[in-house]
Amino acid sequence: FFFSSRRRHTRYIGDWSSDVCSSDLKMMQLGINGIYEYIKFLGLSNQKSKNIYNLSKLLIEKHNGTVPDSFEELESLPGVGHKTASVVMSQVFKIPSFPVDTHIHRLAQRWGLSNGDSVVQTEKDLKKIFPVNDWNSLHLQIIFYGREYCTRSEEHTSELQSPMYLVC
């Protein structure tokens, strides 16, 4: 839930995911400091390690070790906001949702699909435009397209009139 996508670290995948985070109980047994040691290379790792520990504890105590399948319950968990809840609903439970992060927000504005000041407004705008059956895959397609072909607008200052800018 808590690993920043802004940093492209993959070190934790082998060291961390296979054994350490295979269950909520193992996460609780590690404790906050133990979790921190695995994620200290991530931004906000102090808060994330606390959230992971508390999330694991709540999943065991309140949800019988099962990830809840509603926005309300997910967003009540430590460290889980609307975007993360949307990703879980979309990718884990296959419930139509349209997770919007800063990248999708920026591209939607650049492409004229939204003029919202927040990701919340951009999500509403995109949901009005695209069919509900496309939401779960479309947000990933936009993210991957943006990573591959589009950069932040500051990097386009000399290219603002180029045709490529119009698709990015």
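Quick notes
- Annotation: for a label point projected 7 angstrom from Cα along Cα→Cβ of Val132, residues of the stretch 110-126 with backbone N closer than 19 Å are 123-126.
- In terms of its alpha-carbon gyration tensor, the stretch 40-106 comes out oblate; a/c meets the 1.5 threshold, while b/c is at least as large as a/b.
- Computed over neighbours whose Cβ is under 10 Å from that of Ile104, the net charge equals 0, Lys and Arg +1, Asp and Glu -1.
- Cross-link pairs exceeding 19 Å between alpha carbons, from the set Lys62/Lys83; Lys94/Lys127; Lys26/Lys94; Lys26/Lys83; Lys40/Lys83: Lys62/Lys83; Lys26/Lys94; Lys26/Lys83; Lys40/Lys83.
- Coupling constants for the stretch 29-34 follow from the phi torsions by the Karplus curve (6.51 cos²θ - 1.76 cosθ + 1.60, θ = phi - 60°), and in residue order they are 5, 5, x, 4, 5, x Hz; glycine and proline get x.
- Computed from phi, the 3J(HN,Hα) profile of the stretch 129-138 under the Karplus parametrisation 6.51, -1.76, 1.60 (θ = phi - 60°) reads 7, 9, x, 4, 5, 9, 4, 4, 8, 5 Hz, with x in place of Gly and Pro.
- Charge tally around Pro68: other residues with Cβ under 11 Å, Lys/Arg +1 each, Asp/Glu -1 each, net -3.
- Whole-Hz couplings from phi, Karplus 6.51/-1.76/1.60, listed for the stretch 110-116; x for Gly and Pro: 4, 7, x, 8, 7, 10, x
Read-outs throughout are calculated quantities, based only on the coordinates presented, and are distinct from any laboratory measurement. This is a predicted model, so every value here is computed, not measured. With ideal geometry, Cβ positions are generated from the backbone for all residues, glycine too; neighbour counts draw on all protein chains shown.
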